[in-house]
Every structure is written in structure tokens, then in C-alpha cells.
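J.: Following this message is one structure expressed as C-alpha cells.
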Amino acid sequence: MKAGAARSTTLFERNREVFAARYPGVWSKLEGIGKPLTSLVENDGHAVNIDLGAGMLYPDPAPEWSKTQLDGFRRSTDRIGFPNPNHCNLSQISLKLLEDVIRYAREHDLTATMEGLPVVDVGYLFVFGIGIGYHIPELVEETPAKHIVLIEPVAEFLYHSLSVIDWSRVFATAEDRGIVFHFVFDSEPDRIARQVESVVSREGNTFLEGSYFCAHYYSWQLKQTYILLKERLKNFHLSTGFFEDEIEMVRNCVRNLERWPFHLVESRSFREQTLPVFILGAGPSIDKDLPIIRRLRDRVIVISCGTALGILLKNGIRPDLHCEVERGELVYTLLSGVHDEYGFDGITLIASTTIDDRVSELFDKRWYFFRAGLSSTTLLKSEGTPLYGADPLVCNTAFSAAAYLGFTQIYLFGVDLAQKKGGRHHARDSVYFKEEHTDLDEMYVERFNREVPGNFGGTVETFWLFDLGRQMLSRVQQDRRTNLVNCSDGAKIYGAKPKVAASITLPDILPGREDVLARVEAQLPAFEAGEMLRKVDFDAHIQGCEDFVEAFDEFLQTTLREDDSFVKMEARLLEFVNERRPDFRGFFSLALSSIVSMLRLGSFFGSRISDEAKRRAFFEHFIGCYRERCIEMTEISKDLLSSVDKDNKRMGEQSTQLLA
């Protein structure tokens, strides 16, 4: 046995060519390795291991090791699974579909024979380690997954595999079976997990359930990545919204645009502002920083986030700007109590157009923004651009608004997005710890299930929504490149400089707050009540709802004739959506998330039916029930849009009469 043996040039060259043609980005990374730090080990002309310098990659010869690993994978498959369809973004409309499906399953004696996990229509196979690659060809030949994600912390292992397995044959087999490869290279588990999450975000989550985890060799990076992904990927079953939610957001948006004059905050460049901004959240670490914030308050712009407003006012700190993003009634309920006690004089509201319009009523001035991807933005925004990165959390709203409004020196306080082990999830004076809101406290306590790096070192506990907000803060910072300082003792925000509040020093001479705010507001487009709505072409959106029915029926008939699985049906659906998006843009903005989620609901049951004939019968029945629910959504959408259009035209006529 010898290390560094001569490789098979013919095989290596053939693999090099196929990677350069099919995956040029991967080959570029391999080319950049230079001289490998590890070497291939051969015995009798066959690769059997990789010499790491301080030991071998495999504890046994690679062919035997790979066979053992594959046998174990086949016997005890490690998969993503759910005990019930509650993860399918169930709402009022899809619950009707669920009732139809369950009724059919019971009438045809399917429930007792359904498998515990999908037997068909599986989305992903996540492979932890490429190594020499002996396991790859068999996985490609056997897996029912449509996407294979190859995760490798040491890119040069793939380089060695080019001398061992025939990648051109692997890719040909994958192509014949309709499988797509994704390569992920990184040495840091959190970054690996993010790349994998990006793949799932791009390729879709409809068939994530049933996906496989296959471990090839042991390393600390792969073990930590496995732990992260086992928890995180389950959250990808949460959709961006459901139909009823979109309907309510449109209603809220209409009321806000109808009732109030406002200024519009957008994702565009504004004049640079040198006055520092303090963004204040309700995280637990703000408790210790309140004295410092109070001392520096008159020399900075203060922006409060959500429930932090009550904490600040109780402690004698009145913000200049206050941010809200959620549409729910709870926001109004909580804010109205704070308003009754302290009043909101001098505070300008920065909020999504979709908030409860009664929230707008509490403030004298309103700066609205449109959220990207929402139906209200597609249907009702006649001017301007959405505010990038303004969700999912109010701290995202505050930072995105400040960064795009031209502020360059931004400090974060109480934007913990995490808790210390055994600590609190929010500040001491937070509404979550009041006796009447113990249910909210309990809800948060149960959520924290993942660890992330701490801002001042170590690790802290968080959950998917806080972590998503943390990642969005980093993305906006990467885009705007502000001087972002994080004084919060919570989760690390990449791109923000950690700094304890006591060490903050501000310039002696700073511009006045009122002058700066007036200058910023003067740059924002101003709209009178109802002005923006009068520019919306509601007739086109209403016509789109009507035309959708015929087109959708044609799509379903083609599906019945030509498709035999939910995977193929989804592919055809996405093709239909892409082709007809201009025609049904308004309706899709309201209903598309639920249209796709209901497919997931059908697949949850249909993919568990082993008998092919019974699975086909279920598929055909589902399509009929699916059509009923989708057509019902067109009727609800049309009624809403017609009502808004009628009111809008009436207001326009009244405005014209007043001017005359």
C-alpha cells in the first residue's frame, strides 16, 4: 500500500471535462485548490483511502467502508417525516380539502395501509461527505429523490474522486432518472446549513417530507451540519403565506391607503445622514443598556421596534420613529394600551401598508412601506418600490428603513434574537411577562430549539423565525454597508461590529434631530388619502380571476392525461404559473402559496399509498377536490376586488364633485 500513487489520467481527464462542462463553478473551485494537502492511497491499483497526513479518512478500506455504510443506510433510513398534515400550511380553504381527502381515504380503506413515510414523490437526498465517492453511483441508481445535495467540507476529496469513479456515468444515470445534483463546499457548519437551505428555497419545499440523510464518513463539521439541518429543514414546510392571510392584508392595505395621508419609504438611495441611529428592540439585554440609551438619547435618532415602545416609554425614553410590520389585531391591542397610558405625541409610525388600520390611527404621522412578495404590493402599489429586507421582524423593518433612508451610523440595542441558556427571551418590562399574557410567554419558551454564535462569544439559543430575521439583517447590511454596531448581548449578526454600550462615544457636534427628520421626510414621496388607490387597475385583476378558471381547467385535464405523480403535477403547475403569470398576476399574488401548499397536502397522503392502482385513483380524486378549492379562491378574490373597486370609484367621483 502506498500514498500519493499515480492517478488514472484518462479517467481524471474525462471527469475534469465533464465537470468543466456541467458544473463550471465546481470545477473552478477544484482548480483553485493548488497542491492538495491530502493524498489518495491505492492498493493493487485501486483507491482505498485518503491520507490526511495525521491519519486516514476511512477506518477501513474505502470500498468495504462504503458498502457497510450503504447497507446501513438501506436498513435504517434517516428521513424527514411528519406524523400528520398539520405542517401543510392548513387554513380555512385547505381544511376543506383535507376533509375531502380524509373522507375518500376512509371510504376506500386507505388509512390503515398507508406507509409511515412517502414511498414516492421524495424531494431530496442529503449526502454528508463525498470522500472518494464509491457510494455515489449506487445512491444515484436507487434513490427516489429528485435532488441530490452533496455536502463536502474538504473540496479536495472531490478532486481525488475524479481519479476513482466515473462521474460522467453518474451524471448520465442522474439525467435519465430526472435527478439534479447540488454541490455544497464549506468548512463551517452554519454556512453549510445556509447553503443547503438556499437550495431548498430555490428548488421548493413541496416534497421535502420523506427526504433522506445519508452519512458517508465522520467529521465534526458534518456532524454539526447534520444536527443543524435535521431541525432547520422542517421549518421549510412553512410557506410564505396562505390565502386567508393575503385577503386580510389586502383589506388592511386598502383601509390604510383610503384613510390616511402618508409618506412612502422605498428601497432607493437617499441623501446620506450623519446623525447616529439607535434601533431599540425588546430583547433581554436592553435592560442593562437603558441608562446609557437615556443619557445619549438627545444626540441620536431613536427607532423603537414593536413591543419595545412600551418598555422605552415606561423608562422615560420617547422614540422619534416606531416600527410595526405584523397585520394582526394583537398589535393594535397591545399598542392601544400603551397609547392610553403614555400617548404617542412626536412619534412617527414606520409600518407596512398591511397593518391593522387602527394602529395608524394612534399616530399623527405615518411613513408606510410595501413588503416585497405580498398580494397587497402586487395589487395595490401603483408607485414606488418595496422596502427590501423589511421583514420578517420589526427589527428588520427598523434597520432596513434606516439604512435605505441614508443613515450610516447605526447601533442595535435589545436586538438579541436569542436568549442565554436559562435566561429570558424578552426584556424584563416586556408585555410577554405581564400576567394577562402568560400564554405569549409560554409560546416563546417552547420555541427555542437551535444554537447560534453569540454576539460576544459562545453560543445562544434561538428559533427559526429569530434566526431568519438575523440572516436578513446581515443581507441588508451586505447590500447597504452601513457602520453597523451591535450592542445587543444575543445572537451574532454577520456584518455588525460587537460593542458594549458603555464604550460608545459620539462626536461633540451633531446635526439637530428635528432638522434631520424633516430633511429625510422631504425626500419621501407624499400621498393624500385614497390617492394611490385611484391609480390601480382593478378591472384587469378582476378579469384575471375570471379567465383563470378556464385556463386552470385545461391545465388539470392535461395533468390527468399525462402525469402520474404529484412531482410531475407540481412541475407542470410551475410551468403553467410561469407562462400565465402576466395574465393572472393579481390572483396568483393572493392564492398561489395556498395552491402549492394544497398540492403538498395531496402528496402527504398520496405518496404514502404503496399500491400503484390505488395511488392513481387517489390522484384522480384529489384533482377534482383540488379544483373545487382553487375555483372557490377565485370567487372570493373576485368579490374582494370588485368591492374595493366599487368603493374606490365612488370615492373618486366624490372627490371630483368636491373639486368641481
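The values are calculated or read from the model by the stated rules, or taken from the named source; none is laboratory data. Everything numeric here is computed off the predicted structure, so don't read it as measured data. Positions of Cβ are backbone-derived with ideal geometry, glycine not excepted, and every protein chain shown enters the neighbour counts.
J.: What pairs come up if the first residue lies in the stretch 466-489 and is closer than 17 Å to residue 401 by Cα, the second is in a helix (DSSP H, G or I) and of a type in the set (Lys, Arg), and their beta carbons are under 8 Å apart, counting only those six or more places apart or on different chains?
T.: Every condition considered, the pairs that remain are 471/194.
J.: Is it fair to say residue 421 is at negative phi, buried (at least 17 other Cβ atoms within 10 Å of the Cβ) and either modelled with pLDDT under 90 or basic (Lys, Arg) (or both)? Steps first, please.
T.: Working: at negative phi: yes; buried (at least 17 other Cβ atoms within 10 Å of the Cβ): no; either modelled with pLDDT under 90 or basic (Lys, Arg) (or both): yes.
It is false that residue 421 is at negative phi, buried (at least 17 other Cβ atoms within 10 Å of the Cβ) and either modelled with pLDDT under 90 or basic (Lys, Arg) (or both).
J.: Restricting to the stretch 363-403, and then to whatever is among the hydroxyl-bearing types (Ser, Thr, Tyr) and surrounded by fewer than 24 Cβ atoms within 10 Å (Cβ to Cβ), can you tell me which residue is nearest to residue 332 (Cα to Cα)? Quick ask: steps written out before the conclusion?
T.: Initially, the stretch 363-403 is screened for residues among the hydroxyl-bearing types (Ser, Thr, Tyr), giving 368, 375-378, 382, 385, 388, 397, 400.
Keeping just the survivors that are surrounded by fewer than 24 Cβ atoms within 10 Å (Cβ to Cβ) gives 377-378, 382, 385, 388.
Working: 377: 22, 378: 25, 382: 27, 385: 26, 388: 24 Å.
Result: 377.
J.: Mind listing just one residue for me: the one in the stretch 564-583 that is in contact (Cβ under 8 Å) with a residue 12 or more places away in the chain and not in a helix (DSSP H, G or I) and, of those, surrounded by the most Cβ atoms within 10 Å (Cβ to Cβ)?
T.: Per the criteria, the residue is 565.
J.: Same structure, new question: Among the residues of the stretch 27-67 satisfying the criterion of being over 23 Å from residue 14 (Cβ atoms) and hydrophobic (A, V, I, L, M, F, W, C), which is surrounded by the fewest Cβ atoms within 10 Å (Cβ to Cβ)?
T.: It comes out as 54.
J.: Search the stretch 83-99 for residues being outside any helix (DSSP H, G or I) and not aliphatic (A, V, I, L, M), and hand back the single one that is modelled with the highest pLDDT. Lay out the reasoning, then the answer.
T.: Just the residues of the stretch 83-99 that are outside any helix (DSSP H, G or I), to begin with: 83-84, 88-91.
Adding the requirement that they be not aliphatic (A, V, I, L, M) leaves 83-84, 88-89, 91.
Working: 83: 86, 84: 87, 88: 84, 89: 82, 91: 90.
Residue satisfying both the conditions and the ranking: 91.
J.: Restricting attention to the stretch 516-523, does a residue exist that is within 32 Å of the chain's Cα centre (by Cα) and β-branched (Val, Ile, Thr)? So that I can check it myself, show each step before the final result.
T.: Keep residues of the stretch 516-523 that are within 32 Å of the chain's Cα centre (by Cα), which gives 520-521, 523.
Imposing the further condition that a residue be β-branched (Val, Ile, Thr) reduces the set to 520.
Looking through the stretch 516-523, at least one residue is within 32 Å of the chain's Cα centre (by Cα) and β-branched (Val, Ile, Thr).
J.: Right, next: In the stretch 425-484, what count of residues is obtained for those that are in a helix (DSSP H, G or I), of a type in the set (Lys, Arg) and modelled with pLDDT under 90?
T.: Pass one, the stretch 425-484, residues in a helix (DSSP H, G or I): 431-433, 435-447, 464-480.
Within this subset, residues satisfying the condition of being of a type in the set (Lys, Arg) are 447, 470, 475, 480.
In the following step, the residues that additionally are modelled with pLDDT under 90 were identified as 447.
Number of matching residues: 1.
J.: Counting only residues that are hydrophobic (A, V, I, L, M, F, W, C) and within 13 Å of the chain's Cα centre (by Cα), which one in the stretch 194-216 is modelled with the lowest pLDDT? If you could, list the steps in order and put the result at the bottom.
T.: Residues of the stretch 194-216 that are hydrophobic (A, V, I, L, M, F, W, C), as a first pass: 196, 199-200, 207-208, 213-215.
From the residues that got through so far, the ones that are within 13 Å of the chain's Cα centre (by Cα) too are 196, 199-200.
On the way: 196: 95, 199: 94, 200: 91.
That would be 200.
J.: Oh, and also: Name the residue that is surrounded by the most Cβ atoms within 10 Å (Cβ to Cβ), counting only residues in the stretch 584-624 that are within 24 Å of the chain's Cα centre (by Cα) and of a type in the set (D, E, K, R).
T.: Looking at the filtered set, the residue picked out is 600.
J.: Test residue 148 against the stated conditions and say whether it is in contact with a Phe, Trp or Tyr (Cβ under 9 Å, 6 or more places away or on another chain) and not in a loop (DSSP other than H, G, I, E, B).
T.: On the way: in contact with a Phe, Trp or Tyr (Cβ under 9 Å, 6 or more places away or on another chain): yes; not in a loop (DSSP other than H, G, I, E, B): yes.
So residue 148 fits the description; yes.
J.: Condition first: of a type in the set (Val, Ile, Thr) and touching a helix residue (DSSP H, G or I) at 6+ places or on another chain (Cβ under 9 Å). Now tell me which residues in the stretch 74-131 satisfy that.
T.: Step one: list which residues in the stretch 74-131 are of a type in the set (Val, Ile, Thr), which gives 77, 80, 93, 101-102, 111, 113, 119-120, 122, 127, 130.
80, 93, 101, 102, 111, 113, 119, 120, 122, 127, 130, listed by residue number.
J.: Looking only at the stretch 281-296, decide whether some residue is touching a strand residue (DSSP E or B) at 6+ places or on another chain (Cβ under 7 Å), under 19 Å from residue 362 (Cα atoms) and not assigned by TED's automatic domain parsing to the domain that holds residue 649.
T.: no
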